[in-house]
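First up is the structure itself, then whatever we jot down about it.
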């Protein structure tokens, strides 16, 4: 059974710092991996999607990497801003069109 | 980008009543939609897979007679919480994979259900 773990559970940093969020999954046979952002009481915003054949994806200040063989992904946030404060969720699918399996998330707080 | 809507965004009901939540894909067709539940400080847990034109598939531990799912068209899935109880209070959120974008999943904004 696929399990997704995210470390750390919470992170507080001052504005401007670069930071890394970690995600690991137990079954390396994934179809794709997505990183989401969730603001308190809100739905999910898709940040980046990495196909199993890809190694990384970038969007603005965000960079996500995937090491499928070791079952790990990282989300790198450059020059963090207070507006980045949210919970970041990592999720994988094992097959095309199937449901996502989520980690518990990392709650990020960026202070000004 | 692809848009998924949910209605209502929040609902408060009395114990024993039924509540219907709608999930719509606004600019694409979704033969499959997923329903998740999120308790406070917890992650999203899959409840069921909604399949257009056929019965939903429920995850272990989810009562199919309590959480009725109907996927009557390619753009609409509904979740009805029957005889709701306070322990059903949660954040319900749906998603749909977008076929034209490598099955990237798009989520609705969620529905906050509070059962008194």
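All of the numbers you see were taken from the coordinates with simple rules; none came from a lab. Owing to the predicted nature of the structure, the values given are computational and were not obtained by experimental measurement. Neighbour counts are summed over all protein chains in view; Cβ atoms, including those assigned to glycine, are modelled from backbone coordinates with ideal geometry.
Between B:30, B:72, B:48, which gets the highest mean-square fluctuation from a Gaussian network model of chain B, Cα cutoff 10 Å?
B:72
Considering only C-alpha atoms, what is the centroid distance from segment A:49-112 to segment B:53-116, in Å?
Taking the Cα centre of segment B:53-116 as reference, the centre of segment A:49-112 is 24 Å away.
Need the full-extension length gain, residue B:10 to residue B:74, defined as separation in residues times 0.36 nm minus the C-alpha distance. One decimal, nm.
Going from the current span to full extension adds 20.6 nm.
Relative contact order for chain B using alpha-carbon pairs under 8 Å, separation at least 6, rounded to a whole percent?
Relative CO of chain B lands at 36 percent.
Taking a ≥ b ≥ c as the square roots of the eigenvalues of the Cα gyration tensor of the protein assembly as shown, is the shape rounded (a/c under 1.5), prolate (a/b larger than b/c) or oblate?
It is prolate, given that a/c is not under 1.5 and a/b is the larger ratio.
For peptide B:30-39, how many partner chain Cβ atoms fall within 10 Å of a residue's Cβ, on average?
2
Quick one: Debye curve from the alpha-carbon atoms of chain A only, equal weights, vacuum; give me log10 I(q)/I(0) at q = 0.09, 0.14, 0.21, 0.24 Å⁻¹ to two decimals.
-0.21, -0.51, -1.11, -1.40
Taking 7 Å along the Cα-to-C-beta vector as the label spot, tell me the residue A:42-residue A:81 distance in nanometres, rounded to one decimal.
1.3
Within segment A:73-112, which residues have the backbone N less than 17 Å from the label spot 7 Å out from residue A:12 along Cα→beta-carbon, could you tell me?
Answer for this model: A:81-87, A:106-112.
Applying 1/(1 + (r/R0)^6) with R0 = 25 Å to the Cβ-Cβ distance of residue A:94 and residue A:55, what FRET efficiency is obtained, to the nearest 0.05?
0.80
With all distinct Cα pairs included, what does the Kirkwood hydrodynamic radius of chain B come out to in Å, to one decimal, could you say?
One over the average 1/r among Cα pairs gives 14.1 Å for chain B.
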